[in-house]
Amino acid sequence: DADDVWPRGTLAALLDSLSGKPHSGVARGKVQTLVSGEVAPRLKSRIRTTPRYAVNLGSALFRTEALVRVEFLDANLRFDEDSDLWFRLWEADIPLISLDRVTLLYRLHTANMTRDAVDDRKAFLHLVKRHRDRTLGRSTKSAIRLAEYLGWHQDLQT
């Protein structure tokens, strides 16, 4: 996003982690939240005090082949297109490398585009339904649980 920042060395670290691992489709690092001034009340639940893995495109580097395989972002989605992409990457069993370093500084402030998005819970239910519809009757081959792939396992442990 235009208001987020990569810490120095992020691209090199992500690219280096994919080098020599042609079967890995995505490399991602952790996201650290930066609060700039007042935060819209509906976004306060996104404030995290420690860096964590998240469904944020800016924290990752994707191989073109992985994106082609899942047909890129869904242009019909105004919000949560990034989360939907992460769901589809997992459904396609795209191998993921997780770096133990911050690769994105995510800014929260009053002008965040998502302040106008539908309620996070409603958006989440919409994504889960899309995921369920795509995978109904199919079993996944993924060796990693969906919550871990998405970075949500951290919230489940706390």
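Let me cross-check Lys122: its accessible surface, 1.4 Å probe, with only protein heavy atoms counted, in Å² to the nearest 10?
Answer for Lys122: close to 140 Å² accessible.
Relative to the present Cα-Cα distance, how much length would full extension add between Ser36 and Arg132 at 0.36 nm per residue of separation?
Taking Ser36 through Arg132 to full extension adds about 30.9 nm, to one decimal.
The values are calculated or read from the model by the stated rules, or taken from the named source; none is laboratory data. Only a predicted model underlies this, so the values are computations on that prediction, with no experimental measurement involved. Please note that ligands, DNA and RNA were not included when accessible areas were found on the heavy atoms of the full protein model with its side chains. Shrake-Rupley method; radii C 1.70, N 1.55, O 1.52, S 1.80 Å.
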